[in-house]
Amino acid sequence: MPLRLSVWSTLALACAASSGCGTGYTKSGGEWSYVILNESVGREVRKVDADVATFRVLEDPKYARDKNHVYRSGLVLEGFDGGSFEFLPGCNYARDRNHVYYRDSIVVDADRDTFRVLGFPYGRDAKNVYCGSLRMNVERPADFRVLQEGDPFGTSYFDSTDDLVLRLGEEFSGRRVEYEAKGGDDRYRIAATCSGAATDGVWIFDGPKRSRRVP
């Protein structure tokens, strides 16, 4: 994974250096834009109203930041702190001075200072374990280990607690999903994947869910 990200970062920087590049960030005439090449609509150019002096393309080349904002595909991600935003290893999790994020969804209650990435899609802080941005029901967080990494293309988003329970089960009935309470702010959707396997020595987990007790 690090090698792949390094290659993409190199390509992103190459895009930045040439206004003739394909999809990606490009700088021309002292201003930044995000260029999209699409067979159905042709070439779209999104002007990025960025602070040029502090603007830089990140490890995931869809993302960039300056001292004020974080950008995805040339659009401002509202509520993210550009001055402190950084990706964590693998580029699925990230953090700024306020929050930990999984694919742009806030990992509610996660401690940014102790949070670390485990095998995809899991992460943990000093107290809890998470599958994506969903806090799991883990009895022994210190003993949690990944048995099999999940599919990075299988992330689902949940807009309400009812939606979470309907698709993942009563195990998560106590989780409050704040998407509607926050006025439809996408950062407050729960993002999780049902692939991957792990154990805490008490339970076997499939994705975020308890599957069976360890024999």
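Among the residues of the range 132-152, write down those that are more than 18 Å from V214 (Cβ to Cβ) and either surrounded by fewer than 16 Cβ atoms within 10 Å (Cβ to Cβ) or out of contact with any Asp or Glu (no Cβ under 9 Å at 6 or more places or on another chain) (or both). Spell out how you get there, then give the answer.
Here is the first cut: in the range 132-152, the ones more than 18 Å from V214 (Cβ to Cβ) are 132-135, 149-152.
Scanning the range 132-152 gives G132, S133, L134, E149, G150, D151, P152.
Against the test of being at positive phi, out of contact with any His (no Cβ under 7 Å at 6 or more places or on another chain) and at pLDDT 95 or above, the options G83, G79 yield a single qualifying residue, G79.
When the range 176-215 is examined, which residues are found to be part of a loop (DSSP other than H, G, I, E, B) and aliphatic (A, V, I, L, M)? Step through it out loud before you land on a result.
In the first step, residues of the range 176-215 are kept if they are part of a loop (DSSP other than H, G, I, E, B); the result is 176-185, 189, 194-196, 200-202, 207-208, 214-215.
The answer is V177, A181, V202, V214.
The conditions of being of a type in the set (S, T, Y), buried (at least 18 other Cβ atoms within 10 Å of the Cβ), closer than 17 Å to R124 by Cβ and touching a strand residue (DSSP E or B) at 6+ places or on another chain (Cβ under 8 Å) are not met by T155. If the condition is being outside the structural domain of S133 (by TED's automatic domain parsing), buried (at least 20 other Cβ atoms within 10 Å of the Cβ) and not in a loop (DSSP other than H, G, I, E, B), then the range 55-111 contributes V57, Y63, A64, R65, V70, Y71.
Among the residues of the range 151-173, those identified as assigned to a loop (DSSP other than H, G, I, E, B) and at pLDDT 95 or above are D159, S160, G169, S173.
Residues that are buried (at least 16 other Cβ atoms within 10 Å of the Cβ) and polar (S, T, N, Q) were ranked within the range 160-215; the one that is nearest to the chain's Cα centre (by Cα) is T193.
Going through the range 37-54 one residue at a time, which ones are part of a strand (DSSP E or B) and either within 22 Å of A94 (Cβ to Cβ) or in the same structural domain as Y93 (by TED's automatic domain parsing) (or both)? Give the derivation first.
Initially, the range 37-54 is screened for residues part of a strand (DSSP E or B), giving 37-38, 42-48.
Within the range 37-54, R46, V48 qualify.
Residue check: E180 meets all listed conditions (1) closer than 19 Å to L118 by Cα; (2) modelled with pLDDT of 95 or more; (3) not small (G, A, S) but one, namely (1).
The values are calculated or read from the model by the stated rules, or taken from the named source; none is laboratory data. Not measured: the values here are computed from a predicted model. A quick note on method: Cβ atoms are made from the backbone with ideal geometry, for glycine too, and the neighbour counts reach across all protein chains shown.
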